[in-house]
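Participant: First the structure, then my questions, so here it is.
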Amino acid sequence: MIIQDWLAQVSTYAGSIDDLFALIGVLVGFWFIVSEGVFFWLLYRFRAKDGVKAEYITGEEKHQKRWVSWPHYLVLICDIFIIYGAVTVWYDIKQDLPSPDATIRVIGQQWAWSFVQPGADGELGTADDIATVDELYVESGKLYHYQLEARDVMHDFSVPVFRLKQDAIPGRVITGWFEPTTPGSYDIQCAEICGIGHGVMAGTVIVQTPEEHKAWMMANTPQVRDSISIAANTAR
Amino acid sequence: MALASSLGSSSVAADDNARGEQLYELCVQCHGENGEGDSMALAPAISGFGQWYIATQLRKFRDGGRGRHFDDIAGMRMRPMALSLRSEEDVDAVSAYAASLPDVLPEPTLEGGDPAKGQAGYAACSGCHGADGYGNEMVGAPSLHTSDWYFVKQMHNYKAGVRGTNPKDAVGAVMVGMATIVPNDQALMDLLAYLRTQQK
Ligand SMILES: [Cu+2]
């Protein structure tokens, strides 16, 4: 709805987060406007008048209490919708872990994001892993698991266009997932105050088409890269 | 322009350089009031460097030539600090201020070197870093009378390819080769012991 006009949706679940925001915004917004309306109407209706003494209302009588209880019941009904929406979205994004096409490591430290992704063999922790700082290269349409770590203090891996935000806690490896949709370059930020450089702890996620990503992998996988330069040297 | 070029020269006195002094308030957090460094913050002494070296390194941190390697924990702390300087003029001003600080020799923290062996080993370095280790602007080689733990750390960094391997750091690349000719940590201690005999 309105949210994506301000901030693109670039993950498969960005839409459901925005829908949840919209649901909460509309329901809460509706009651906000209605209650403010009633409030100001009452202020006006019972404004100070000559010869009329202000009345002290204890709110014990039924016809007075219903100004509180009826809206209360209506709001509770709205809550059911909100809770249902929130739990569904929370389950899909944070509790459920769909099986991945690739797994990457995301590491926060004072004050940079760094990333490790598997090279051609598709396995993390091998010699052809690709390590990058500041820039994360991913492929659109591929489901990623991230293993989030912090090297020093707490950080928070936040990618607004993915609608992804996850605390990184020293000593823990937190697994989550995302699936980027639209190629482009987008901001990564740190959303947990982590020291003097927190405000400039930015990074970029580059979502590539499968072809672009393949070319990037070829050019950056350590063994492949080295054999290319060996080939270049022997040719000379 | 006149301002920029006058700030660019290392002859700017501290009192003319209000902008530099103001910017240096950020640096104090880690490098200390007098640029004496703080090993807890992994930040070396910077008071003994010429303005040219400080400015060069700040620019390297800014454009990613330094502080962007996966294993460069300390460099990743410094890079955002350099990035937070808004303009080239600010880089020059803060460097001029840092360079104008009194050159206090950092306290030794490492011991066990043999100055005689160090002198022999230092023959390979003196061509660039000067006979007394105070550096040579012409070849871009800084003074080596900096924090001793930092000296060791940087030699390890060069050896491991953490520093001097970025394509944007062509000057730093010369040190990658130099670091490999120092055989081990004992040889580094010897170099430090010798350098101490040259301190003024
Ligand atoms: Cu952070």
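Participant: Counting partner chain Cβ atoms within 10 Å of every residue's Cβ in B:77-84, what's the average?
Facilitator: Details: counts 8, 2, 6, 11, 4, 1, 4, 4.
Shielding by partners across B:77-84 averages 5.
Participant: Taking the dipole about the Cα centre of the stretch B:52-132, with the C-beta of Lys and Arg at +1 and of Asp and Glu at -1, give me whichever of B:His129, B:Tyr53, B:Leu83 is farthest to the positive side.
Facilitator: Towards the positive end, the residue furthest out is B:Leu83.
Participant: Further question: Using unit Cβ charges (K, R positive; D, E negative) and no other charged atoms, how large, in debye to the nearest 20, is the dipole of the stretch B:81-180 about its Cα centre?
Facilitator: Numbers: 6 positive and 12 negative charges, 101 e Å.
For this selection, approximately 480 debye.
Participant: Can you pull the one-decimal nm distance between simple spin-label points at A:Ile77 and A:Val153, each 7 Å off the Cα toward Cβ?
Facilitator: My value for the distance between the label points is 4.9 nm.
Participant: Nearest 100 Å² is fine: what is the total accessible surface buried where chains B and A meet, probe 1.4 Å?
Facilitator: On the way: alone 10350 and 14930 Å², together 24030 Å².
About 1200 Å² of accessible surface is lost on pairing.
Participant: Follow-up question, since we're still on this one. Taking the 0 to 90 degree range and rounding to the nearest ten, how far is the long axis of helix B:51-63 tilted relative to the main principal axis of chain B, both from C-alpha atoms?
Facilitator: 80 degrees
Participant: When every alpha-carbon pair in chain A is counted, what percent end up more than 25 Å apart?
Facilitator: Working: 15956 of 27730 pairs.
Summing the P(r) of chain A above 25 Å gives 58 percent of all pairs.
Participant: In Å², and per residue, what accessible area does the protein assembly as shown have when probed at 1.4 Å with the other protein chains present?
Facilitator: Working: 24030 Å² over 436 residues.
Result: 55 Å² of accessible area for each residue.
Participant: By per-residue mean of other Cβ atoms within 10 Å, what is the highest-first order of A:69-80, A:95-106? Please list the in-between numbers first.
Facilitator: On the way: A:69-80: 11.3, A:95-106: 14.3.
Going by the mean number of other Cβ atoms within 10 Å, highest first, we get A:95-106, A:69-80.
Participant: Right, next: Which angle from 0 to 90°, rounded to the nearest 10, does the C-alpha axis of helix A:62-90 make with the longest principal axis of chain A?
Facilitator: Here the helix axis deviates by roughly 10 degrees.
Participant: Other chains near A:111-117: what is the mean number of their Cβ atoms within 10 Å of each residue's Cβ? List each step's numbers first, then the result.
Facilitator: On the way: counts 7, 10, 1, 6, 1, 1, 0.
Mean shielding by partner chains, rounded to a whole number: 4.
Participant: Let me ask something additional. What is the pair-distance distribution P(r) of the stretch A:102-235, computed from all Cα-Cα distances in 5 Å bins starting at 0, with each bin given as a whole percent?
Facilitator: 2, 11, 19, 24, 18, 13, 8, 4, 2, 1, 0
Participant: A further question on this structure: I want to check the label-to-label distance for B:Asn184 and A:Val200. Put each point 7 Å from Cα in the C-beta direction and report it in nm to one decimal.
Facilitator: In this crude label model, B:Asn184 to A:Val200 measures out at 4.1 nm.
Participant: What angle do you read, to the nearest 10 degrees and between 0 and 90, between the alpha-carbon axis of helix A:222-235 and the longest principal axis of chain A?
Facilitator: Helix A:222-235 sits at roughly 30 degrees to that axis.
Participant: Next question. What Kirkwood Rh does the stretch A:2-95 have if only Cα atoms enter the pairwise 1/r average? Answer in Å. Kindly include the intermediate steps, with their values, before the conclusion.
Facilitator: Numbers: mean 1/r = 0.0597 Å⁻¹.
Averaging 1/r across every pair of different Cα atoms and inverting gives 16.8 Å.
Participant: Quick one: if the Förster radius is 45 Å, what FRET efficiency do B:Ala124 and B:Ala41 give, using the C-beta to C-beta distance and rounding to 0.05? Don't jump to the answer; show the numbers that get you there.
Facilitator: Numbers: r = 31 Å, r/R0 = 0.69.
Given R0 = 45 Å and the Cβ-Cβ separation, E is 0.90.
Participant: I need the fraction of alpha carbon pairs in the protein assembly as shown separated by more than 34 Å, rounded to a whole percent.
Facilitator: Values: 48170 of 94830 pairs.
Of the Cα pairs, 51 percent sit more than 34 Å apart.
Participant: Here's something else I'd like to know. Over chain B, what number does the Rg to Rh ratio reach, with both radii from the alpha-carbon atoms and Rh per Kirkwood? Kindly include the intermediate steps, with their values, before the conclusion.
Facilitator: Details: Rg = 16.4 Å, Rh = 17.2 Å.
Ratio value, two decimals: 0.95.
Participant: Hey, if you put +1 on the Cβ of every Lys and Arg and -1 on every Asp and Glu Cβ in the stretch A:19-172, which of A:His63, A:Thr103, A:Leu124 ends up farthest toward the positive end of that dipole?
Facilitator: Value computed over the given set: A:His63.
Participant: Now for a separate question. Quote the charge dipole size of the protein assembly as shown about the Cα centre in Debye, to the nearest 20; the model charges only the Cβ of Lys and Arg (+1) and of Asp and Glu (-1).
Facilitator: Working: 33 positive and 53 negative charges, 123 e Å.
That gives a dipole near 600 debye.
Participant: Taking +1 at the Cβ of each Lys and Arg and -1 at the Cβ of each Asp and Glu, which of B:Ala141, A:Leu148, A:Trp6 sits farthest along the dipole of the protein assembly as shown towards its positive end, judged by Cα position relative to the Cα centre?
Facilitator: A:Trp6
Participant: Sticking with this one: Distance in nm between label sites at A:Asp50 and B:Val174, each 7 Å beyond Cα in the beta-carbon direction?
Facilitator: 9.6 nm
Participant: Could you work out the relative contact order of chain B, using alpha carbon pairs under 8 angstrom and six or more residues apart, expressed as a whole percent? Intermediate values should be presented prior to the final figure.
Facilitator: Numbers: 327 pairs, mean separation 49.6, N = 200.
25 percent.
Participant: How big is the charge dipole of the stretch A:102-235 about its Cα centre, in debye rounded to the nearest 20, if each Lys and Arg gets +1 on its Cβ and each Asp and Glu gets -1 on its Cβ? Don't skip to the end; give the middle numbers.
Facilitator: Details: 8 positive and 17 negative charges, 29 e Å.
Rounded to the nearest 20 debye, it is 140 debye.
The values are calculated or read from the model by the stated rules, or taken from the named source; none is laboratory data. As the structure is a computational prediction, the values presented were derived from the model and not from experiment. Positions of Cβ are generated from backbone atoms using ideal geometry, with glycine treated the same way; all protein chains shown enter the neighbour counts. Each accessible area value is taken on the protein alone, full model and side chains, heavy atoms only, with ligands, DNA and RNA left out. Shrake-Rupley method; radii C 1.70, N 1.55, O 1.52, S 1.80 Å.
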